[in-house]
Amino acid sequence: MKIQILSDEMASRIAAGEVVERPASVVKELIENSLDAGATEIFVWIEKSGSALIRVTDDGGGMAPDDLALAVERHATSKLKSAEDLFCIATLGFRGEALPSIGSVSRMEIVSRSPDAPSGHRLRVEGGRKGELQMAAAGFGTTIEIRDIFFNTPARRKFLKAPATELSHICDVVNRMALAYPQVHLRLQHDGRNVADYPAVKERKDRFFQVLGREVANELIPFSWSGGEMAASGFVSAAPMSFPNARYLYTFVNRRYVRDKVLTHAVLQGYDTLLMKGQYPAVLLLLEVPFGEVDVNVHPAKYEVRFRRQGDVHEAVTTAIRGALKREAKTPSARNGGLEQSPFAGVREAPLLYPLHSPPGHEPTVLRQGALSIPMTEKGDLFQAGFFSSLELHGQILGCYLVCSSARGLVLIDQHAAHERVAFEKLRGDLNSGTGQTQNLLIPQPLDLGAGEIALLEKELPLLQRFGYLVEAVGPDSYAVTAVPAFLPEGDYRRALRQMIAELAEVDHSDKVRQHLEERLATIACHSVIRANRKLEMDEMRALLGALDQIEFATQCPHGRPVLLEFSRDELDRLFKRVV
Ligand SMILES: Nc1ncnc2c1ncn2[C@@H]1O[C@H](COP(=O)(O)OP(=O)(O)O)[C@@H](O)[C@H]1O
Ligand SMILES: [Mg+2]
């Protein structure tokens, strides 16, 4: 085998592979260029999901003819001047690779005109071969057309997914850009049809409504946090609105959309135990850090970044998210109040999370608030401290619901969810303070563990003990549970411990341990407290209400189920059709 140097053309195509993975990558690079050029309107026109044509038109600063000729050369950029700049990047682009890469795998035509130029110019690049610069009639700004993407790299073309999939990737790109740049008018048209049209708006919230639609956006709570040189702002969803993947978890660093493990982890940690395992919230996180604090030159498509002070960033994000959720738990009305000012408030609909059979148009809106946000009233009263104790208790029905009334109306409390919440909180509190009481079991419960599990168990005995679980060796390689947390009534401890051990096998990082443990705790709590319906005495119910007042986020159980539902007078009236 002889070594040979690749031809420029081959080298370009290989390099292009990193930047141009699919039509959506082209759309992303072109929109980034338009934004860097200061555009206020960016129109994207797509044919056949981008495989036939991608045209991006902007009203940005354009390019002078000489610059246009250079722009399509490899490593040609107007955005970096010196080596130091590389560590302080304020633009979306900087690698000087997008245009040459795109040009090497498509038929590209650029028409551009800068404000001081008497006319525009056109430049074509086909499969990497650059044409002559020509004069062209053009308005100010730049239009770039990409036809027949991957026409000369059939292998790559084969990797394209179904047209609908490619189109959805393009939509994702446009949506992300739109979220970060609300002041820019973005439009996406596909085969002559408007797919998205987001006129410029002043408020980020309004862009959120445009992009995510009312149903999701209505449920979001704004937040903003700043500390030192860092700032984080955006929107979070109250916990009951969660998704099985991170699709609605948008993270931006200095307005650049990134997929970053640290940020995602920090966001989820902010939610702490409010989300079920494997569930993700809807979050828009806009993190602002000094340009010198973040290295954006670690991924060819710039989807990843590296933070100089990763720990600080993590903590900032967790704090910001947690703060927002806490505030929401206390003042649910802040969210509603905000919505009234939105231009869309007039056409607000009430998506029903818990559908009820009622005539169309008469859905009790309260039912969708199975949430942190409860109690929420139309007048927007605050959630008072001592709310639960202030309720008038009428009794229990169906062995599992407490019926109460508040100053506003009817309140139903799910006794199981409430118990879970209380037990969970107690366990967590005990763990933090180390004051948990244990109770010896009359008959120790033997644990039937495999070799690997035993090794883990032995390692984690002290930790389990902090939880209140005493596990002792009762023979060679055999253990038994001899004591358990005192306040947990009868439960399947063996199973619980097994799960804990399995969980502990997966964790490495200390932060993670805490989080996982708390999730475990949640599970333990949920599985250990009263599961069957049980008649409660008035005193027991009062004690439960009192206990709920002692805890944060009391309005939902550790698994995210609502603890209470409130029906205001208005809502009751509406259900009875007393008002229209
Ligand atoms: N839409 C546009 N408007 C004005 N200038 C542009 C536009 N697109 C590209 N350019 C110019 O072409 C150069 C090369 O673009 P590109 O290959 O994407 O590299 P980069 O964005 O990393 O600089 C940019 O630095 C910019 O000067
Ligand atoms: Mg670029």
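The values are calculated or read from the model by the stated rules, or taken from the named source; none is laboratory data. Note that the structure is a prediction, hence the values are computed from the model and not measured. Reconstructed Cβ throughout: ideal geometry from the backbone, glycine too, with neighbour counts over all protein chains shown.
Brief remarks on what is shown
- Total residues in the range 54-87 satisfying the condition of being under 21 Å from residue 113 (Cβ atoms) and either in contact with a His (Cβ under 9 Å, 6 or more places away or on another chain) or more than 14 Å from ligand 2 (Cβ to nearest atom) (or both): the figure is 11.
- Test: residue in the range 23-42 that is under 25 Å from residue 299 (Cα atoms) and more than 13 Å from ligand 1 (Cβ to nearest atom): yes
- Number of residues in the range 187-205 that are touching a strand residue (DSSP E or B) at 6+ places or on another chain (Cβ under 7 Å) and either at positive phi or charged (D, E, K, R) (or both): the value is 4.
- Residue that is farthest from ligand 1 (Cβ to nearest atom), among those in the range 52-83 that are among the hydroxyl-bearing types (Ser, Thr, Tyr) and surrounded by fewer than 20 Cβ atoms within 10 Å (Cβ to Cβ): 82
- Taking first residues from the range 175-204 that are small (Gly, Ala, Ser) and partners that are surrounded by fewer than 14 Cβ atoms within 10 Å (Cβ to Cβ), the Cβ contacts under 8 Å between residues at least 6 apart in sequence or on separate chains come to 200/183.
- Residue check, residue 119 touching a residue at least 12 places away in the same chain (Cβ under 8 Å) and within 12 Å of ligand 1 (Cβ to nearest atom): no
- Complete set of residues in the range 88-107 that are more than 13 Å from residue 77 (Cβ to Cβ) and within 10 Å of ligand 2 (Cβ to nearest atom): 102
- Subset tally (residues that are in a strand (DSSP E or B) and either modelled with pLDDT of 90 or more or surrounded by 22 or more Cβ atoms within 10 Å (Cβ to Cβ) (or both)) for the range 228-248: 8
- The strands (runs of 3 or more DSSP E) located wholly in the range 423-524 that include 1 or more residues which are at pLDDT 75 or above, small (Gly, Ala, Ser) and in contact with a strand residue (DSSP E or B) (Cβ under 7 Å, 6 or more places away or on another chain) occupy 470-475, 478-485.
- In the range 97-117, the residues that are of a type outside the set (D, E, K, R) and surrounded by fewer than 18 Cβ atoms within 10 Å (Cβ to Cβ): 115, 117
- Checklist (1) out of contact with any helix residue (DSSP H, G or I) (no Cβ under 9 Å at 6 or more places or on another chain); (2) more than 12 Å from ligand 2 (Cβ to nearest atom) applied to residue 34, failing item: (2)
- In the range 72-85, the residues that are free of Cβ contacts under 8 Å to residues at least 60 places away in the same chain and on the phi > 0 side of the Ramachandran plot form Cβ pairs under 8 Å with partners that are within 12 Å of ligand 2 (Cβ to nearest atom) and in a loop (DSSP other than H, G, I, E, B), at six or more places apart or across chains, as follows: 75/95; 75/96; 75/97.
- When residue 46 is tested against the conditions (1) assigned to a helix (DSSP H, G or I); (2) buried (at least 24 other Cβ atoms within 10 Å of the Cβ); (3) more than 16 Å from ligand 2 (Cβ to nearest atom), the lone failure is (1).
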